[in-house]
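Take a look at the structure set out below.
The values are calculated or read from the model by the stated rules, or taken from the named source; none is laboratory data. Please read all numbers here as calculations on a predicted model, not as lab measurements. Reconstructed Cβ throughout: ideal geometry from the backbone, glycine too, with neighbour counts over all protein chains shown.
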Amino acid sequence: MNAPQRRGACPGLSAPMLTGDGLLVRLNLADSIALDAFRDICAAARRHGNGIMEVTTRGSLQVRGLTARSADAFADAVTALNIVAAADVRVMVDPLADDPSTIIDSCSLAAQVGQALFDARLALSPKACVIVDGGGHLHLDGVAADLRLRAIGSRAAPRLHVAMGGDARSATALGTIQVDGAPEVAVRLFKLMAAHGTAARAADLIRTAGADRLRASLGDFICAAPAPPPRPISEPIGLHRQRDGSVALGIAASFGNATAESFCELADLAAKGGAKRITFAAERIILLIAFVPERAAAMSAHAERLGFIARADDRRRRIVACPGKPACASGLIPARALAAELAAKVTALPPLVHISGCAKGCAHAGPAPLTVVGTERGCGVICNGSARDLPSRHVESSDLGRQVAAFAGEHHERHDA
């Protein structure tokens, strides 16, 4: 097994993380933000960092290349914008508050849950996470979390389904609660989790306490109920209608990163097209809100010219890659550079290729049909496994494209047979 020590913290404004290209800061935005505020973040990233910005797999915004001196100045600049969630626990929401299919105001409820957890001052894992799903079509079913709160029913009579651990399919269902009970329910469940230590996650709590005990801890707050039916996989790339008749445009950063200049130019073009706000979502998605429908197609073309992904079938979406060498101190191969080369040269890719600079597998924690991991021997190849598994063989980076193409051909033959 490849099993290096994982970092035990998340690099927030007050606790930047040292990487190969300086200090890294992660911003968990409380809601969509005005384009002017986003331009200010880009300017601060350019002024105080190395100008590289990233959208993470959970929809956070990262700024790279800060120094010990400039990190404080960057934090001051961002704090003045009043856009970063104050909670110690990450609370994720479905990204489009004005989606006609939403049942509740998930942003408002997420703020209440986050504040309640912040006020409780619990000693929790820095990776602890809550999902508040308002019922919109850009749902978060595929994202794992310690606590899942999904709106069900109708706008006139909404309730929340409560589940713990995993994604929507694998989480343990506890039942349903009234919407206004969510802050207290979150605090009670996370208190139980905190009692297992600062490294504990929901899976540990479920394994030791069991679903029945967790339900009992919620008393009259919860009613037993099965998990709601699974929803179709959502497609965030493209146009999404809003309640007022406008549209949001979903695009993605190529392998999750772009320069501050490119992000700023994107914001300028979006503003000219009538957009007012921007938000970030799971799977490194950027949502520009809200265009007159007739202007969205031109904005999509502009985004592609800037290097962003604006088509659902873009080959780059089949590859996930961390920064790798030299940006990450642990990186042994230039993961993103290799990813860009593969996307450009290999026309038939497997359903998912994970390129990881090292065995931590930060860009994709789970298994993939094909994983390429940096090792002291070069590119380790792992079929149907994760970056932590033992490679079946090693190849030179110059031969990686041929190896991936061959694997893709074998994969298609097996599944077409």
**Request:** Give the residue, chosen from ILE309, ILE286, that is of a type in the set (Val, Ile, Thr), touching a Phe, Trp or Tyr at 6+ places or on another chain (Cβ under 9 Å), at pLDDT 95 or above and within 16 Å of ILE237 (Cβ to Cβ).
**Result:** ILE286
**Request:** Determine, yes or no, whether PHE118 is outside the structural domain of ILE285 (by TED's automatic domain parsing), among the aromatic types (Phe, Trp, Tyr) and surrounded by 16 or more Cβ atoms within 10 Å (Cβ to Cβ).
**Result:** no
**Prompt:** Among the numbered criteria (1) surrounded by fewer than 21 Cβ atoms within 10 Å (Cβ to Cβ); (2) of a type in the set (Val, Ile, Thr); (3) in contact with a Pro (Cβ under 8 Å, 6 or more places away or on another chain), which single criterion is violated by THR259?
**Reply:** (3)
**Message:** Filter the range 133-157 down to the residues that are crowded, with 19+ Cβ neighbours inside 10 Å, touching a residue at least 40 places away in the same chain (Cβ under 8 Å) and either among the hydroxyl-bearing types (Ser, Thr, Tyr) or under 16 Å from LEU109 (Cβ atoms) (or both) and list them by number.
**Reply:** ASP133, GLY134, GLY135, GLY136, HIS139, LEU140, ALA145, LEU147, LEU149, ARG150, ALA151
**Message:** Looking at the range 388-404, can you tell me whether even one residue there is aliphatic (A, V, I, L, M) and in contact with a Leu (Cβ under 8 Å, 6 or more places away or on another chain)?
**Reply:** yes
**Complete:** Taking the range 293-306 and the residues there that are free of Cβ contacts under 8 Å to residues at least 40 places away in the same chain and not charged (D, E, K, R), the one that is surrounded by the most Cβ atoms within 10 Å (Cβ to Cβ) would be HIS302
**Request:** Could you tell me whether any residue of the range 331-350 is buried (at least 19 other Cβ atoms within 10 Å of the Cβ), touching a residue at least 24 places away in the same chain (Cβ under 8 Å), assigned to a loop (DSSP other than H, G, I, E, B) and of a type in the set (Lys, Arg)?
**Result:** no
**Prompt:** What are the residues in the range 276-299 that are of a type in the set (Gly, Ala, Ser) and over 12 Å from ALA310 (Cβ atoms), if any?
**Reply:** ALA281, ALA282, ALA290
**Prompt:** Here are some conditions: (1) over 19 Å from ILE278 (Cα atoms); (2) surrounded by fewer than 20 Cβ atoms within 10 Å (Cβ to Cβ); (3) at pLDDT below 95. LEU124 meets all but one. Which one does it not meet?
**Reply:** (2)
**Prompt:** Tell me, which residue of the range 188-237 that is over 18 Å from GLY166 (Cα atoms) and among the basic types (Lys, Arg) is surrounded by the fewest Cβ atoms within 10 Å (Cβ to Cβ)?
**Reply:** ARG213
**Search result, residues across the range 66-102 that are touching a Lys or Arg at 6+ places or on another chain (Cβ under 8 Å) and among the basic types (Lys, Arg)** = ARG90
**Message:** Filter the range 357-369 down to the residues that are in a strand (DSSP E or B) and surrounded by 23 or more Cβ atoms within 10 Å (Cβ to Cβ) and list them by number.
**Reply:** ALA368
**Which listed residue, of ASP212, ASP180, is of a type in the set (Asp, Glu), at pLDDT below 95 and more than 28 Å from ARG284 (Cα to Cα)** = ASP212
**Message:** Criterion first (at pLDDT 95 or above and within 28 Å of LEU239 (Cα to Cα)) does VAL91 satisfy it?
**Reply:** no
